[in-house]
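Asker: Sharing a structure here in structure tokens format.
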Amino acid sequence: PDFALDETRARVPILYVEAVPVRVDALGQIESIGILLRGSSTTGVMTRTLVSGRVMHGESVREALIRNLLKDLGPTAFPQLPSSTVPFSVAEYFPLPGVTPLHDERQHAVALAYVVPVTGECNPRQDALELTWLTPEEAADPEVLDEMEGGRGSLLKEALASVGALPR
């Protein structure tokens, strides 16, 4: 229930997975990055974000990645999970802005972040209104990075750098 989750969030950090969906060419080079458009249920503001969700009790990181990718991108996204569950980043969100570039006013959270190629048809679901595919150059634009929810622009930039797709 929501009240139990709120109580837990007030006491301990919550574990999340985050995914940057990408399309790759035959050589594995990133052609485009998928960014979600969501409306915030608390503020009503539209923001850009990444695929993200909690790791549930008893669920492996791999299972959480698949569940959240399919939840946000639809059942025909066909994500290609990495063979290793080592993330490109361990992102830490604090309830107050300014502690790190990332913040989440609801909680202290830790997210394991991955770049995940998708090969199928992506149709945003749940609270995602739209999925926009951007080239690495477009995704690295400071205006796009600044639009990202909770400081996730810094995480997106780190993702691009981790796979050699950050434009100079």
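The values are calculated or read from the model by the stated rules, or taken from the named source; none is laboratory data. The structure displayed is predicted, hence computed values, not measured ones. Here the Cβ positions follow ideal geometry from the backbone for every residue, glycine too, while neighbour counts run over all protein chains shown. Only protein heavy atoms, including side chains, enter the accessible area calculation; ligands, DNA and RNA are left aside. Shrake-Rupley method; radii C 1.70, N 1.55, O 1.52, S 1.80 Å.
Asker: Within the group Glu121, Glu130, Glu158, Glu143, which residue is assigned to a helix (DSSP H, G or I), open to solvent by 50 Å² or more (accessible area, probe 1.4 Å) and either of a type in the set (A, V, I, L, M, F, W, C) or touching a residue at least 24 places away in the same chain (Cβ under 8 Å) (or both)?
Answerer: Glu158
Asker: With respect to Arg125, determine if the residue is basic (Lys, Arg) and within 23 Å of Met46 (Cα to Cα).
Answerer: So Arg125 fits the description; yes.
Asker: Please count how many residues of region 34-63 are open to solvent by less than 60 Å² (accessible area, probe 1.4 Å) and either in contact with a Phe, Trp or Tyr (Cβ under 7 Å, 6 or more places away or on another chain) or of a type in the set (Lys, Arg) (or both).
Answerer: Selection size over region 34-63: 6.
Asker: Same structure, new question: How about region 100-114: which of its residues are surrounded by 21 or more Cβ atoms within 10 Å (Cβ to Cβ) and under 19 Å from Arg62 (Cβ atoms)?
Answerer: Ala111, Ala113, Tyr114
Asker: If you scan region 14-40, which residues turn out to be closer than 25 Å to Leu145 by Cβ and part of a loop (DSSP other than H, G, I, E, B)?
Answerer: Asp25, Gly28, Gln29, Ser40
Asker: With (1) at pLDDT 95 or above; (2) in a strand (DSSP E or B); (3) open to solvent by 40 Å² or more (accessible area, probe 1.4 Å) as the list, and Ile66 as the residue in question, which single condition is left unmet?
Answerer: Unmet condition: (2).
Asker: So the check is Cβ under 7 Å with 6+ separation or different chains; which pairs have a first residue in region 78-92 that's touching a residue at least 40 places away in the same chain (Cβ under 8 Å) and within 20 Å of Pro13 (Cβ to Cβ) and a second one that's β-branched (Val, Ile, Thr) and surrounded by 15 or more Cβ atoms within 10 Å (Cβ to Cβ)?
Answerer: Listed pairs, sorted by first residue: Phe88/Val115.
Asker: Ala77: assigned to a loop (DSSP other than H, G, I, E, B) and farther than 27 Å from Leu129 by Cβ, yes or no?
Answerer: Against the criterion (assigned to a loop (DSSP other than H, G, I, E, B) and farther than 27 Å from Leu129 by Cβ), Ala77 does not qualify.
Asker: While we're looking at this one, here's another question. Kindly indicate the residue of region 69-99 that is on the phi > 0 side of the Ramachandran plot and surrounded by 13 or more Cβ atoms within 10 Å (Cβ to Cβ) and also farthest from the chain's Cα centre (by Cα) among those meeting that condition.
Answerer: Among residues in region 69-99 that are on the phi > 0 side of the Ramachandran plot and surrounded by 13 or more Cβ atoms within 10 Å (Cβ to Cβ), the one farthest from the chain's Cα centre (by Cα) is Phe78.
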